[in-house]
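Enquirer: Below are the structure tokens for one structure; questions will follow.
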Amino acid sequence: MNGFAAGLWESLVSGSKLIWPQIFLTFAATVMLWPADLFVEKARKHVWAPITMVILALTGALIYLTEPGVGFSDMYKVDGLTKGFQALIVLAAFLAVMLSQKLLDALREQTVEYYALILFSLVGMLTLVGATDLMTVYFSIELMAICIYILVAYLRDQNRGVEAGLKYFLLGAFSSGILLYGMSLVFAAVGGVTTNLAELNRLLPVVPQSSSLLVFSGVLMVLVGLCFKVAAVPFHMWSPDAYEGAPTPITAFMATAPKAAAMGAFLRVFGTGFAGVSSDWMLPLSYVAGASMILGNIAAVRQQTMKRLLAYSSIAHAGYMLLGVLGKGVDNAQAVWLYLLTYLVMNTGAFAVVIILQGKGEGERIDDFRGLAKRRPFLAFAMMMFLLSLAGIPPLVGFFGKFYLFKLAVESGLTTLVVIALVTSAISAFYYLGVVNQMYFKEPADLPEGAEPEVLSTGMTLIVGVTCVLTLVGTLAGPWLVNTMFRITWI
Amino acid sequence: MTPLWLIPVLPLLGSAFNGFFGKRAGKGVVSAVAVGTVALSFILSLVAFFAMQGAAGHRLEATYYEWMATGGLSVPFGLVVDPLSGTMMLVITGIGALIHLYSVGYMHEDEGYARFFCYLNLFVFFMLMLVMGSSLPLLFVGWEGVGLCSYLLIGFYFETDYAPAAGLKAFLFNRVGDLGVAIGMMALFGMFGTLTVSGILTQAGHLSPEAGWGLLTFATLMLFVGATGKSAQIPLYLWLPDAMAGPTPVSALIHAATMVTSGIYLICRLAPLFSLTPHTLTVIAWVGGATALFAATIGLVQRDIKKVLAYSTVSQLGYMFLGLGSAGYAAGFFHVFTHAWFKALLFLGAGSVIHAMHHEQDLFRMGGLKSKLPITFVTMLLATIAIMGFPPFSGFFSKDEILYLAYLKNPALWAIGVLGACCTSFYMWRLMALAFWGEPRDHHAFEHAHESPWTMTAPLAVLAVGAVFAGFWGIPKAFGGSFAIEGFLAPALTFGQSHGAHAGHHEGPAWLLAGISTTLGIASGAFGWWMYKDGLAKGEALGAKLPGLHVVLLNKYFVDEAVEAYLLRPVRWFGNLMWKLVDVILIDGIGVNLPGALTRVAGDFTALFQTGRVRNYALTMGLGALLLLYVFLK
């Protein structure tokens, strides 16, 4: 008994080296909530945004410094994939916080909880991308999700936000049930000996014929659970409502960070744990990917508000990214990572423009973009670049991400899906250019009396400017990014 | 050694400055920059010109870098000064500078002052590239560039209806010709594997003349098609009369003195090549002769002073081609040189008249201006005597040399040329009589008429000196001269090869021919002056006696109408068909809008499922999972 306790201690100490970023985040967020917040006057709560940004920067440094390794009885692993996706997630959070500060000021909704919840959700995400055990996967998904439910409903005076949060929570609970049930079926199929992904990979292909339905149903349910998190069709229905109801910076955050985390989990669980039984999930997942591209892009065509449009567009982008999971290679995983990075840049830029224009938190209608080029030429130009980049038009950075992903997918033999992806990309240009049309070829709408002021600050200008420049010239850094920055390797 | 690149680059800088800052800089600065850069270019051209005469083989060449290199094609970016391009450079920058100076006065009250000089300087740049380029592609850049500037300047008064249309017409006609140049260049590349002028000519030196209709004849004919476009020869001459819609200095510089002669320049540049293709030369001679007479007859009855001069230019360009086609490259080019002086002078004089008459261009509303515009009158008179070919004015020597060579080639060509010269003499004296003699027919305008400012009259005077004396550079051998210009141009025209320009060694009745043409010219000139010196009555009476001929000439042989009916209308009809059927219905409708509409319908359909109710969402998820299960188990 003493030996076990000592072994446990040993494992905790050695494992803790791997999770310094998470430990630091937890500690920092806790101190922020109590006691630090006691000393911040109500009128000065906005100081939490820069503090959070500093914490995130330090977390980024810790991620960089963490040595690769395996810990906690093979339940968690730090490798290129972990570090690459963790960096993405922290960057997304950093940008979301930057987007939040001025808007929350305008809404008079600055609280420490908002920032602390972002940090706590981050702990879940950072753990998720390093999870090498179904149990780690599950609890980190829950940690991430619960924080985000609350953030969606953060503006508790607004019915729409509360409704969205509640819907998301109910459906999220439903999907968690499916996920957990699927995991238990997989656990049962291998005889109840392990939930470790590497072990599963070894055992699953050799389960007896009688248990094969068990394996298949289990894998399928895990797939459904993860598809819910990336908002893939037909498990996407929560996302337009949640995206619309959430405070816009949280929408931007949800479209990137949790999506990156879930994609990392997808790559890890299906690329390692279920790789041996890929014949079980390849077909369903390719249906999901194709359906996401088609439905996401088609439904976006008729949207009236910018946030819903971007929500459907993010469903379609999830479909594209699933190509990388289906491709099942290290290169494909890199392509997904790269795609997420480009998506983060242009998506954040687009949301920043929406936030600047939307005043005090009312949903921004696409009609409101009418004649923006005349009123705010720079903003309109930047928005046009983000939209064209989202549509994948060369030489913008979005094209580069798509090109790399699609090219590898073709090499992996996913020709049919790539054809669907290309056709639906063309459809996506239709609605993205619809907004450009509003901005450049329509007369400006008469601004109503007492129109809300723009949410403009140095930070917002900086975000729009930097993301716009990156969108324009990011392609130049492409080969460097691909070759040297992150060699995402694992297994 | 002079940095050759500075010569074209200076006007380019001037153009850029006036284009970007001209509006803010004010007219004084704009004028100084525009005139100054061209004048500096002229000085540098002079330096280069004399340096060239001292250089080995009378040739300066500077290669700056490899411009294009793909496959077997390698084109250096290089500039050349030899007797041919050197003379052109002096004409372009010298007469160009004078016309820039003239424009300072002429355009003074125009809104687009800076824009005008931006275009005009740009034109000088491209024209210099055309003549200085050491390779055909570089020449073609200039060729296209002057076409662009011509288009911009013809359409300069873009608020009017006719100017942009005239610009477009010029551009389209030139495009047809440009295609010829491009095809010719490709053919030459196919034959010689190089596109530098020296490379082609060196290899051409090893070939013997082509007896039949071979590839070389095809290539040279294609180049000649390009020349007919740029130099307004039949059948691509229609644009030049319309080009008079541009400001008068533009007509003088671009549409009389320089750009329109680039077709002749192109043929002279590749003279050894054309010498190898006798069939092409024959075609050139006949096209040139026909144009010379044809355009001159139209000029007989025109009322617009600039239109008369425009047809005169077409006609004179025809003479130049007649000379080239008779293997008299030096003679043709000599006429380019003399024509540049007297035709620029005539246009600027006409501009001075128009300026004085408050933008009145109708000869029938002028009259009696002799006393009001003395300087304009005298200088224009000198130019008229020069163009009619009265010895020893400049036009006499150059035109007579051409007619003499034409006679040696085919006496019929000579007859056509003499007939054209008679018409020339007639319409020029008619123009002078209508404008300067007789009673004023528009008293209001007459009373306000006044001599132009010095910026306009000074260029007239300088050009007049040239119009009188330029001919002495090439007194034909038949008249005891040495035809100095031929010896001067020889290094460029023969490119050090034995065959080439060797015309003029045959014997012919030179004195007799010159006597006939000069006598007839003087007679028809006197007749034209007598007809119109007292007003319109006698001319109208003559027109009434020959109604058919008068109507045909007045309507320019109805060529524009024929082109409209048999070429443009079918093309427009076909274009309309393609637009309405193929583009609107097939591509826009079925190809684009139909999928768009279907997508929208599909989008609306998906919205039906987004009910906003959690139970429906959960149901969708459950059904989706079951569907996936079914898909797999099926």
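Enquirer: I need the helices (runs of 4 or more DSSP H) fully contained in the range B:133-221, keeping only those with at least 2 residues that are touching a residue at least 12 places away in the same chain (Cβ under 8 Å) and polar (S, T, N, Q).
Expert: Helices (runs of 4 or more DSSP H) meeting the threshold: B:197-204.
Enquirer: May I pose another question? Of everything in the range B:532-579, what is among the hydrophobic types (A, V, I, L, M, F, W, C) and not in a helix (DSSP H, G or I)? Give them in sequence order.
Expert: Matches in the range B:532-579: B:Leu536, B:Leu546.
Enquirer: Considering only the range B:616-633, state which residues are farther than 19 Å from A:Gln303 by Cβ and either facing chain A (nearest Cβ under 7 Å) or touching a residue at least 24 places away in the same chain (Cβ under 8 Å) (or both).
Expert: Matches in the range B:616-633: B:Ala618, B:Met621, B:Gly624, B:Ala625, B:Leu628, B:Leu629, B:Val631, B:Phe632.
Enquirer: Going through the range B:287-313 one residue at a time, which ones are among the polar types (S, T, N, Q) and in a helix (DSSP H, G or I)?
Expert: Those that are among the polar types (S, T, N, Q) and in a helix (DSSP H, G or I): B:Thr291, B:Thr297, B:Ser312, B:Thr313.
Enquirer: Name the residue that is nearest to A:Pro247 (Cα to Cα), counting only residues in the range A:119-172 that are basic (Lys, Arg) and in a helix (DSSP H, G or I).
Expert: A:Arg160
Enquirer: Here's a check for you: in the range A:99-125, which residue that is within 13 Å of A:Ile55 (Cβ to Cβ) and not aromatic (Phe, Trp, Tyr) is surrounded by the most Cβ atoms within 10 Å (Cβ to Cβ)? Steps first, please.
Expert: At the first step, the residues of the range A:99-125 found to be within 13 Å of A:Ile55 (Cβ to Cβ) are A:112, A:115-116, A:118-120, A:122-123.
Among the residues that remain, those that are also not aromatic (Phe, Trp, Tyr) are: A:112, A:116, A:118-119, A:122-123.
Values: A:Val112: 20, A:Ala116: 22, A:Ile118: 25, A:Leu119: 24, A:Leu122: 30, A:Val123: 22.
Going through the qualifying residues, I end up with A:Leu122.
Enquirer: Return the only residue of A:Ala189, A:Ala164, A:Ala242, A:Ala261 being crowded, with 21+ Cβ neighbours inside 10 Å and either touching a Cys at 6+ places or on another chain (Cβ under 6 Å) or at pLDDT 95 or above (or both).
Expert: Going through A:Ala189, A:Ala164, A:Ala242, A:Ala261 in turn, the sole match is A:Ala261.
Enquirer: Within the range A:17-35, can you find the residues that are without any contact (Cβ under 8 Å) to a residue 24 or more places away in the chain, over 26 Å from A:Val78 (Cα atoms) and assigned to a helix (DSSP H, G or I)?
Expert: Correct list: A:Val31 only.
Enquirer: Any residue in the range B:604-615 that is within 7 Å of chain A (Cβ to nearest Cβ) sitting within a Cβ distance under 6 Å of a residue that is among the basic types (Lys, Arg) and assigned to a loop (DSSP other than H, G, I, E, B)? List the pairs, counting only those 6 or more apart or interchain.
Expert: As it stands, the answer is B:Asp604/A:Arg302, since those pairs meet every condition given.
Enquirer: Kindly provide the set of residues from the range A:285-322 that are over 16 Å from the mean Cα position of the chain (by Cα) and more than 14 Å from every other protein chain (Cβ to nearest Cβ), ordered by number.
Expert: The one that is over 16 Å from the mean Cα position of the chain (by Cα) and more than 14 Å from every other protein chain (Cβ to nearest Cβ): A:Met306.
Enquirer: Would you say A:Ala335 is modelled with pLDDT of 85 or more and more than 19 Å from the chain's Cα centre (by Cα)?
Expert: It is false that A:Ala335 is modelled with pLDDT of 85 or more and more than 19 Å from the chain's Cα centre (by Cα).
Enquirer: In the range A:134-182, what count of residues is obtained for those that are polar (S, T, N, Q) and within 14 Å of chain B (Cβ to nearest Cβ)?
Expert: Residues flagged as polar (S, T, N, Q) and within 14 Å of chain B (Cβ to nearest Cβ) within the range A:134-182 amount to 3.
Enquirer: Can B:Ser371 be described as within 28 Å of B:His444 (Cα to Cα) and either under 20 Å from the mean Cα position of the chain (by Cα) or surrounded by fewer than 23 Cβ atoms within 10 Å (Cβ to Cβ) (or both)?
Expert: Taking the combined requirement at face value, the residue satisfies it.
Enquirer: Okay, moving on. Look at the range A:187-227 and say how many of its residues are within 14 Å of chain B (Cβ to nearest Cβ) and polar (S, T, N, Q).
Expert: Qualifying residue count, the range A:187-227: 2.
Enquirer: Given the criteria within 23 Å of the chain's Cα centre (by Cα) and buried (at least 24 other Cβ atoms within 10 Å of the Cβ), does A:Leu341 qualify? Spell out how you get there, then give the answer.
Expert: Details: within 23 Å of the chain's Cα centre (by Cα): yes; buried (at least 24 other Cβ atoms within 10 Å of the Cβ): no.
So A:Leu341 fails the test.
Enquirer: Pairs please, first residue from the range B:443-465 and under 22 Å from B:Leu363 (Cα atoms) and modelled with pLDDT of 90 or more, second anywhere and surrounded by 17 or more Cβ atoms within 10 Å (Cβ to Cβ) and of a type in the set (Ser, Thr, Tyr), Cβ atoms under 6 Å, 6+ apart in sequence or on different chains.
Expert: These pairs meet every condition: B:Leu460/B:Thr379.
Rundown of residues vs (1) among the aromatic types (Phe, Trp, Tyr); (2) in contact with a His (Cβ under 7 Å, 6 or more places away or on another chain); (3) more than 25 Å from B:Pro453 (Cβ to Cβ); (4) not assigned by TED's automatic domain parsing to the domain that holds B:Ala492, yes/no style:
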site	(1), (2), (3), (4)
B:Gly325	no, no, yes, no
B:Gly328	no, no, yes, no
B:His339	no, no, yes, no
B:Phe364	yes, no, yes, no
B:Lys370	no, no, no, no
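Enquirer: One residue is enough: does the range A:300-307 have a residue meeting the conditions touching a Lys or Arg at 6+ places or on another chain (Cβ under 8 Å) and assigned to a loop (DSSP other than H, G, I, E, B)?
Expert: Yes, the conditions are met somewhere in the range A:300-307.
Enquirer: Counting only residues that are more than 8 Å from every other protein chain (Cβ to nearest Cβ) and β-branched (Val, Ile, Thr), which one in the range B:590-603 is farthest from A:Leu295 (Cα to Cα)?
Expert: B:Ile590
The values are calculated or read from the model by the stated rules, or taken from the named source; none is laboratory data. Being a predicted model, the structure only gives us computed values, none of them experimental. Ideal geometry is used to build each Cβ from the backbone, glycine not excepted, and the neighbour counts take in all protein chains shown.
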